[in-house]
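The values are calculated or read from the model by the stated rules, or taken from the named source; none is laboratory data. Just so you know, these numbers come straight off a predicted model, no measurement behind them. Please note: Cβ atoms are built from the backbone with ideal geometry, for glycine as well, and neighbour counts cover all protein chains shown.
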Amino acid sequence: MSQRYQIRFAAGILAALIAGIFAAKTNAQTASDPNSAPNPYRTVENWAKLPAGRTWGQVISVRIDRDGKSIWVAERCGGTSCAKSGLAPLMKFDPSGNLVQTIAAGMIVRPHGLSIDKNGNVWATDGDGEAGKGHQVFEFSQDGKVLLTLGKAGVAGDGLDTFNKPSNVLVAPNGDIFVADGHGPDSNARIVKFSAQGKFIKAWGKQGSAPGEFNNPHSLAMDSKGRLFVADRGNNRVQIFDQDGKFLDQWRQFGRPSGVFIDRHDILYVADSESNNSRNPGFHRGIRIGSVKDGKVTAFIPDPVPVPAEGLDPTNGTAAEGVAADDAGNVYGAEVGPRNLKKYVKNEIQ
């Protein structure tokens, strides 16, 4: 090897090392500050109008109707449960915040997950059991007719036709049904797949922290490629699978996910309602937003109390646990602790 070539070779190696060190430093800086994305939104308070005499209970989930602008909400009947209430827990609001429909009165013990399929049908999970009801998944028409029921009323189990505190449900474009089954250590920790007719196809996952295992699979979303995104809240990550349950990836940059939503532009919205210094050190609570194409967080709507006190009851957060975005780009946060439905709109460019 000539002396000139040796010098060029050494210079190339040195340049590569410097570039690698710089990239690693940049990545480390980015990873060390997961709360630095800008907030381009402002909050709209008291957007949704409830009828006289009704107040918000725990608002657990929010989804966008098939028209891309109306809003469906799952709310716990003015309190923490609907077990002894005659109120309807599923409510539809028009784009101006007017209540236009209520369904499922007297049917659901503890509303949790909510989803709207391509036909506009409303899907909901009952995340608890009491007095012969609960631990089920329902499909409703827009006027409240029951179209399909999964699970056995009031029966908690891990079989082919039973659930234990199902957290969420999602229907793929081909009609296949995915259920995030489990909420807490005394329940299940799996994803269950059914046909459009409700026939069991398969289940995957168990309690744990390895890829494909879960610790409270809390919410579901699907991107345009058909990948299934699971809010694996207890493990501080979003897990990504194909529709056969093959593990594809895991993302921790979106915080401790309670709610996940993917809009028609493949933008991912993740509600982190539980991060603190013991559960997920370094992460502040709020809604993180980014593209599913690269996983980069590009916006962050902070929680009003970004670093809560140690020992805070996880069911008493200060901002959104459920999240969705309409076709106009407005973001909606379903708040369990504050018992509210927030709307966030983009700031006007000055």
Residue hits (segment 66-106; on the phi > 0 side of the Ramachandran plot and touching a Ser or Thr at 6+ places or on another chain (Cβ under 9 Å)) are 77, 78, 106
Scan segment 154-180 for residues that are of a type outside the set (Gly, Ala, Ser), in contact with a His (Cβ under 8 Å, 6 or more places away or on another chain) and part of a strand (DSSP E or B) and report the count. 3
State all residues of segment 285-308 that are out of contact with any Phe, Trp or Tyr (no Cβ under 8 Å at 6 or more places or on another chain) and either surrounded by fewer than 20 Cβ atoms within 10 Å (Cβ to Cβ) or outside the structural domain of residue 233 (by TED's automatic domain parsing) (or both); if no residue qualifies, say none. 291, 293, 294, 296, 298, 302, 304, 305, 306, 307
Top-ranked residue of segment 65-97 - restricted to ones that are assigned to a loop (DSSP other than H, G, I, E, B) and among the acidic types (Asp, Glu), ranked as surrounded by the most Cβ atoms within 10 Å (Cβ to Cβ): 65
